[in-house]
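Read the structure below first, then the notes.
The values are calculated or read from the model by the stated rules, or taken from the named source; none is laboratory data. Keep in mind it's a predicted model, so treat the numbers as computed, not measured. So basically every Cβ, Gly included, is an ideal-geometry build from the backbone, and we count neighbours across all protein chains shown. These area figures cover heavy atoms from the full protein model, side chains too; ligands, DNA and RNA do not enter into them. Shrake-Rupley method; radii C 1.70, N 1.55, O 1.52, S 1.80 Å.
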Amino acid sequence: MLSSTTLLVSLSLGALSLAQQVGNYTSETHPRLPWQECTRSGCTTKSSASVVLDSNWRWTHITGNYTNCYTGNTWNTSICTDGATCASKCALEGANYQSTYGITTSGNALTLKFVTRGENTNIGSRVYLMESDTKYQMFNVLNKEFTFDVDVSQLPCGLNGALYFVQMDSDGGLAKYTGNKAGAKYGTGYCDSQCPRDIKYINGEANSDGWTASPNDTNAGAGGYGTCCAEMDIWEANSISTAYTPHPCRTDNDGGQQRCTGQQCGTPIRHDGVCDPDGCDFNSYRMGDRTYYGKGLTVDTSKKMTVVTQFITDNNSTTGTLVEIRRLYVQDGRVIPNSKVNFPGLLEPFDSLTEKFCNDAKSAFGDATSFQKQGGLAHMGRSLAKGHVLVLSIWDDHTANMLWLDSSYPTDADPNKPGIARGTCATDSGKPTEVESSAANAQVIFSNIKFGDIGSTYSGTPITLPQAPLPPGYNPPAGGTTTVPTSTIPSSTPTGPSTTNPAPAATQTKYGQCAGVGYTGPTQCAAGTTCTQINQFYSQCV
């Protein structure tokens with residue numbers, strides 16, 4: 001994502017801030033959000049799970065009184081003379097989740113409202129899934145699948161209802177940084193692949209040194225430090241477009257949270273920091289299928305849907321090398337395979353994230369190669385194996401108006417050029433001042449979170465996708481075109497990795513599928529590999 005951190009909040013006591021002490025004016029009670037862990041034998045409910053509000057939204061004040069430590073988009077320099085002093089004097093307050101922030105849970109559903117008005121006005125929010133009141137829930141998704149239901153029907157152009165993983169510390173940095181007295185209970189420790197500099201406290205100290213107020217955001221700014229870590233965007237979406245995107249980082253601890261300065265943060269050269277800010281994205285519209293995702297389309301965003309993401313490793317274990325990330329949907333009882341890249345003659349009809357897809361797409365679209373520079377899928381997999389925190393948010397974009405997700409971007413490029421058009425939104429849409437007025441009632445609902453063995457978290461009847469028409473204005477390169485086959489899923493467990501083209505005749509390549517219910521392809525594995533059964537639907541050459 002370009003940035004999930006330029007979010008707005010304003011309270012009657014002054015604009016919100018983050019601190020590392022703990023206040024005592026509002027008790028901190030985390031809304032319950034149960035989820036399920038699944039095996040092929042069934043699912044177990046984690047009934048004590050909850051969510052916590054990110055600390056960047058919370059009111060901060062001098063410990064023991066109501067004096068703000070941060071007001072509008074500036075620090076109180078009489079209190080915050082330096083970062084460590086500021087952290088020692090300022091308290092982070094508990095949250096009124098529903099009345100102030102528009103965050104509610106009901107059963108296994110979480111609703112995040114965009115604008116909440118009352119005594120206070122709040123815009124956007126970010127929460128984390130909790131294992132306990134003091135620890136974030138950690139996930140290792142390798143050789144697993146992550147599934148959730150989502151309703152994006154009320155998210156127009158310019159908004160993003162996001163669900164993603166970041167390599168944060170499970171306690172929010174409480175043990176690591178002595179200045180942090182709040183920890184995960186108060187939502188501390190955030191980081192992502194943008195190395196955001198608008199985080200008000202990092203590593204237990206205020207980010208006040210070098211702080212510059214934002215010219216277009218009355219509640220935000222940028223400090224001298226950023227906070228970096230690897231990020232796996234499972235879902236960045238509104239009702240127009242969606243993308244899923246890995247972002248590896250070469251931080252000191254192999255993808256884990258690291259405070260950065262200057263060029264480490266990607267400033268001034270965006271792609272020369274320690275993280276990959278762009279990622280390797282699969283956005284169906286950007287990849288040439290204009291009939292797949294949206295209201296009334298194959299994946300109909302006017303209705304709730306189930307989103308399934310599978311992380312395939314080379315040895316089918318949670319410690320293997322990540323080689324493919326697959327996506328499918330379930331809606332109205334139909335198991336819908338991911339769309340295929342639809343630029344014949346330019347790109348193969350990829351339908352998942354693989355190293356070859358990332359290399360070929362970035363070359364074809366002329367994108368920067370920071371994804372490869374930071375280690376690609378293999379490095380992303382090493383990060384995921386260390387455990388990631390689940391983040392859920394709703395936000396608008398003060399940097400690029402969300403055009404990178406749902407419009408043509410860059411705006412001065414030819415929208416008929418492959419890779420430029422990402423959605424149907426106008427290039428002048430998404431301005432925060434306009435969205436916050438016209439879409440004040442927008443919301444996203446996440447529900448029915450499941451995590452477990454591949455094929456264990458969903459069911460339905462597989463469908464076959466028709467071949468999509470070519471994108472308007474696209475003329476295949478001279479010299480012939482490739483034929484785009486239709487997509488199909490043979491069972492409720494989708495096919496496995498396809499990191500290389502199928503071998504000729506009856507020999508399957510390494511990592512290819514070699515057996516399973518409904519499978520009709522090659523069953524003989526290439527030399528040096530063996531057909532290994534994963535479940536009744538899927539066996540793989542490893």
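Observations, loosely collected:
- On Cα atoms only, tilt of 376-385 relative to the major axis of the chain in degrees: 60 degrees
- Between the C-alpha center of the stretch 393-451 and that of the stretch 268-310 there is a gap of 11 Å.
- Alpha-carbon centroid distance for the pair the stretch 207-264 / the stretch 335-351, whole angstrom: 30 Å
- GluC sites (Glu not before Pro) within the stretch 83-177, DSSP loop, no more than 10 other Cβ atoms inside 10 Å: GLU119
- With kT/(6 pi eta Rh) evaluated at 4 °C and eta = 1.567 mPa s, and Rh the Kirkwood radius from Cα pairs, the chain diffuses with a coefficient of 55 µm²/s according to Stokes-Einstein.
- Whole-Hz ³J(HN,Hα) from phi, Karplus 6.51 cos²θ - 1.76 cosθ + 1.60, for the stretch 302-319, glycine and proline x: 7, 10, 4, 9, 9, 10, 10, 10, 10, 10, 8, 10, 6, 10, 6, 9, 7, 10
- Using the Cβ-Cβ distance between LYS176 and ASN140 with R0 = 22 Å, the FRET efficiency computed as 1/(1 + (r/R0)^6) comes to roughly 0.60.
- Once the chain from ARG32 to TYR66 is taken as fully extended at 0.36 nm per residue, the excess over their C-alpha distance is 9.3 nm.
- Of the whole protein surface, ASP414 contributes about 90 Å² of accessible area at a 1.4 Å probe radius.
- Close amide H partners of THR532, meaning residues 5 or more places away or on another chain with modelled amide H under 5 Å apart, are GLN540, CYS541, VAL542.
- Accessible surface of TYR97 - all protein chains present, 1.4 Å probe, nearest 10 Å²: 20 Å²
- Calculated P(r) tail over 18 Å for the stretch 20-160, as whole % of Cα pairs: 65 percent
- Summarising the label geometry, the points placed 7 Å from Cα in the beta-carbon direction at ASP360 and THR433 lie 4.5 nm from one another.
- Extension gain for the segment ASN416 to TYR25, taken as residue separation times 0.36 nm less the Cα-Cα distance, is 135.2 nm to one decimal.
- Additional length obtainable on full extension of the chain from ARG334 to THR267, 0.36 nm per residue less Cα span: 19.6 nm
- Over the stretch 289-380, the reciprocal of the mean inverse Cα-Cα separation, the Kirkwood hydrodynamic radius, stands at 14.9 Å.
- The share of alpha-carbon pairs in the stretch 327-431 lying farther apart than 21 Å comes to 56%.
- Accessible area in the full protein assembly, largest first, 1.4 Å probe, for LEU470, LEU390: LEU470, LEU390
- Of ASP278, ASP428, ASP300, the order by accessible heavy-atom surface (1.4 Å probe, DNA, RNA and ligands excluded), from most exposed downward, is ASP428, ASP278, ASP300.
- Cα centre as origin, Lys/Arg/Asp/Glu Cβ charges: the chain dipole, Debye: 720 debye
- Per-residue HN-Hα couplings for the stretch 346-352 [Karplus 6.51, -1.76, 1.60; θ = phi - 60°; Hz; x = Gly/Pro]: 10, 9, 5, x, 4, 10, 7
- By accessible area with a 1.4 Å probe, ligands and nucleic acids excluded, highest first: order of ILE463, ILE202: ILE463, ILE202
- Accessible surface for THR321 stands near 60 Å², nearest 10, in the context of the full protein assembly shown (1.4 Å probe).
- Degrees separating the helix 355-365 axis from the principal Cα axis of the chain, which is the longest one: 80 degrees
- Residue by residue, the stretch 197-209 carries 3J(HN,Hα) couplings of 9, 8, 6, 7, 10, 9, 6, x, 10, 5, 8, 7, 5 Hz when phi is fed to the Karplus relation 6.51 cos²θ - 1.76 cosθ + 1.60 (θ = phi - 60°); x denotes Gly or Pro.
- Scanning residues 5 or more positions from TRP35 or on other chains, those with amide H under 5 Å from its amide H are LYS46, ALA49, with H placed 1.01 Å from N in the peptide plane.
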